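Worksheet: one structure, shown below.
The values are calculated or read from the model by the stated rules, or taken from the named source; none is laboratory data. None of the values given here were measured: they were computed from a predicted structure. Reconstructed Cβ throughout: ideal geometry from the backbone, glycine too, with neighbour counts over all protein chains shown.
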């Protein structure tokens, strides 16, 4: 049976991207990845328990120990996603292949989001432009190398990105508050820092609640406070509050489930388990916590200044385990800083992206171990949407940079965790830049 017309192009994007990710996997498509924590968490669920089955985690990488039992501390939604496959094939499931195919959903839903922005009049892009931006996300960003890893840290991003795109689709005009709240709750159960994307819905709810006779926005040359006050005066608070309450209800429900899950495992409703990780840098977590201003400078160094190390001897290029700077892996993201057009939606998306980015930059590590700054995937869908809304023409420079970005991220997808000579072997997290 043929798909409905509106589904054909998104489905084609999914098939092409998933096919490319699987092809990039090559022989690694077979077998289970080294750190398949979500596979083992799904297996625990299938056995009616929360701790690792047999109380013997495979390996010693990022497992939490509490009360004499071992647990997966990562938020559980990806385990529920892969659970049907685990129910069929057990812990021998080919999780890299599963996640590579699933990863095709991310670009497919990014395209749907861009189409919605175009059809609603927010974006002036063409279909060709939307496809170019989709390709940028799929192959010209760190999503590419992330899609072909399968391991626990990367699988979470592969699940979160399509959820974020779906959330934004429901948050636009605050038209589906219940579903938007549920989707953001699912994002929280995958990547907790994405909870701050709730600011997008809040701004859209205020905009959707402006009364018909509200005055038009002040001219761009007016001060920001004056423009904000004038805009807020046109908002009807009661409809905005009703929308936000409906949005909050499923979020509270999901939050309650998460609190029960944490309490049942760690006797604390607010503890996911990262404080019980058996890692070498537990000392800094005990001292500074998981999130702290203390970590900002170090993470900013990776975010802004992570460059490849060049050498006159083979292999001539080497990358720190902290990864490459975001502007190097996807230079087009710099265009977010210089939009040609602005709107309430661009402000909402920018606030959401900035809030999540700042929280990620205060996390206790940089995303270690990585090819490029993977935490950017918590808000990359918003960055791509902001590029589309920015209004700048996609000329030869954009497409030249698209080729560059795809080449860089193809290199990462092929070499990361496979060709070790291109990556610094330091395991202490102390070596960020090329030694003198």
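With respect to (1) under 26 Å from residue 9 (Cα atoms); (2) more than 23 Å from the chain's Cα centre (by Cα), the lone exception for residue 115 is condition (2).
Evaluating residue 111 against the criteria (1) in a helix (DSSP H, G or I); (2) touching a helix residue (DSSP H, G or I) at 6+ places or on another chain (Cβ under 6 Å); (3) touching a residue at least 60 places away in the same chain (Cβ under 8 Å); (4) within 26 Å of residue 369 (Cβ to Cβ) leaves one unmet condition, (4).
Filter region 60-69 for residues that are outside any loop (DSSP other than H, G, I, E, B) and surrounded by fewer than 21 Cβ atoms within 10 Å (Cβ to Cβ); which is nearest to the chain's Cα centre (by Cα)? Checked region 60-69; the qualifying residue nearest to the chain's Cα centre (by Cα) is 65.
To keep it simple, each residue is scored yes or no on (1) under 14 Å from residue 434 (Cβ atoms); (2) in contact (Cβ under 8 Å) with a residue 60 or more places away in the chain; (3) in contact with a strand residue (DSSP E or B) (Cβ under 7 Å, 6 or more places away or on another chain).
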{"residue": "308", "(1), (2), (3)": "yes, no, yes"}
{"residue": "321", "(1), (2), (3)": "yes, yes, yes"}
{"residue": "332", "(1), (2), (3)": "no, yes, no"}
{"residue": "339", "(1), (2), (3)": "no, no, no"}
{"residue": "346", "(1), (2), (3)": "no, no, no"}
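The set of residues from region 49-60 being without any contact (Cβ under 8 Å) to a residue 40 or more places away in the chain and out of contact with any strand residue (DSSP E or B) (no Cβ under 8 Å at 6 or more places or on another chain) comprises 49, 53, 54, 58, 59.
Within region 260-281, residues that are at positive phi and modelled with pLDDT under 95 reach partners that are assigned to a loop (DSSP other than H, G, I, E, B) and surrounded by 13 or more Cβ atoms within 10 Å (Cβ to Cβ) with beta carbons closer than 7 Å, at six or more positions or on different chains, in the pairs 273/73. The single condition among (1) under 21 Å from the mean Cα position of the chain (by Cα); (2) within 24 Å of residue 386 (Cα to Cα); (3) in contact (Cβ under 8 Å) with a residue 60 or more places away in the chain; (4) in a helix (DSSP H, G or I) that residue 187 does not meet is (3). Take residue 272 and tell me if it is part of a loop (DSSP other than H, G, I, E, B) and crowded, with 20+ Cβ neighbours inside 10 Å. In short, yes.
Conditions (1) crowded, with 22+ Cβ neighbours inside 10 Å; (2) at positive phi; (3) modelled with pLDDT under 95, marked per residue:
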site	(1), (2), (3)
345	yes, no, no
348	yes, no, no
351	no, no, no
356	yes, no, no
365	no, no, yes
396	no, no, no
401	no, no, no
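Name, by its number, the condition in (1) surrounded by fewer than 19 Cβ atoms within 10 Å (Cβ to Cβ); (2) in a helix (DSSP H, G or I); (3) at negative phi that does not hold for residue 173. Only one criterion is unmet by residue 173, namely (3).
Results for (1) surrounded by fewer than 19 Cβ atoms within 10 Å (Cβ to Cβ); (2) more than 20 Å from the chain's Cα centre (by Cα); (3) farther than 22 Å from residue 193 by Cα, shown as yes or no for each residue.
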| position | (1), (2), (3) |
| --- | --- |
| 288 | yes, yes, no |
| 292 | yes, yes, no |
| 303 | no, no, no |
| 320 | no, yes, yes |
| 327 | yes, no, no |
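Taking residue 138, is it more than 15 Å from the chain's Cα centre (by Cα), crowded, with 19+ Cβ neighbours inside 10 Å and either in a helix (DSSP H, G or I) or at pLDDT below 95 (or both)? When the stated conditions are applied, residue 138 does not pass them. Residues in region 1-15 that are without any contact (Cβ under 8 Å) to a residue 40 or more places away in the chain, assigned to a helix (DSSP H, G or I) and either under 21 Å from the mean Cα position of the chain (by Cα) or more than 16 Å from residue 100 (Cα to Cα) (or both): 5, 6, 7, 8.
Of everything listed in (1) touching a strand residue (DSSP E or B) at 6+ places or on another chain (Cβ under 8 Å); (2) within 24 Å of residue 408 (Cβ to Cβ), the single unmet condition for residue 295 is (2).
Condition first: exposed (fewer than 14 other Cβ atoms within 10 Å of the Cβ) and free of Cβ contacts under 8 Å to residues at least 40 places away in the same chain. Now tell me which residues in region 20-48 satisfy that. Answer for region 20-48, where residues must be exposed (fewer than 14 other Cβ atoms within 10 Å of the Cβ) and free of Cβ contacts under 8 Å to residues at least 40 places away in the same chain: 23, 26, 27, 47, 48.
Across region 376-386, a minimum of one residue is classified as closer than 28 Å to residue 17 by Cβ and not in a helix (DSSP H, G or I). Condition check for residue 84 on (1) touching a helix residue (DSSP H, G or I) at 6+ places or on another chain (Cβ under 8 Å); (2) at pLDDT 95 or above: one failure, at (1).
Checked against (1) crowded, with 24+ Cβ neighbours inside 10 Å; (2) in contact with a helix residue (DSSP H, G or I) (Cβ under 6 Å, 6 or more places away or on another chain), residue 149 passes all but condition (2).
Condition first: outside any helix (DSSP H, G or I) and surrounded by fewer than 20 Cβ atoms within 10 Å (Cβ to Cβ). Now tell me which residues in region 190-216 satisfy that. The answer is 210, 211, 212, 213, 214, 215, 216. None of 57, 78 is within 20 Å of residue 277 (Cβ to Cβ) and crowded, with 24+ Cβ neighbours inside 10 Å except 78. Among the candidates 89, 99, which residue alone is under 16 Å from the mean Cα position of the chain (by Cα), part of a helix (DSSP H, G or I) and without any contact (Cβ under 8 Å) to a residue 60 or more places away in the chain? Going through 89, 99 in turn, just one is under 16 Å from the mean Cα position of the chain (by Cα), part of a helix (DSSP H, G or I) and without any contact (Cβ under 8 Å) to a residue 60 or more places away in the chain: 99.
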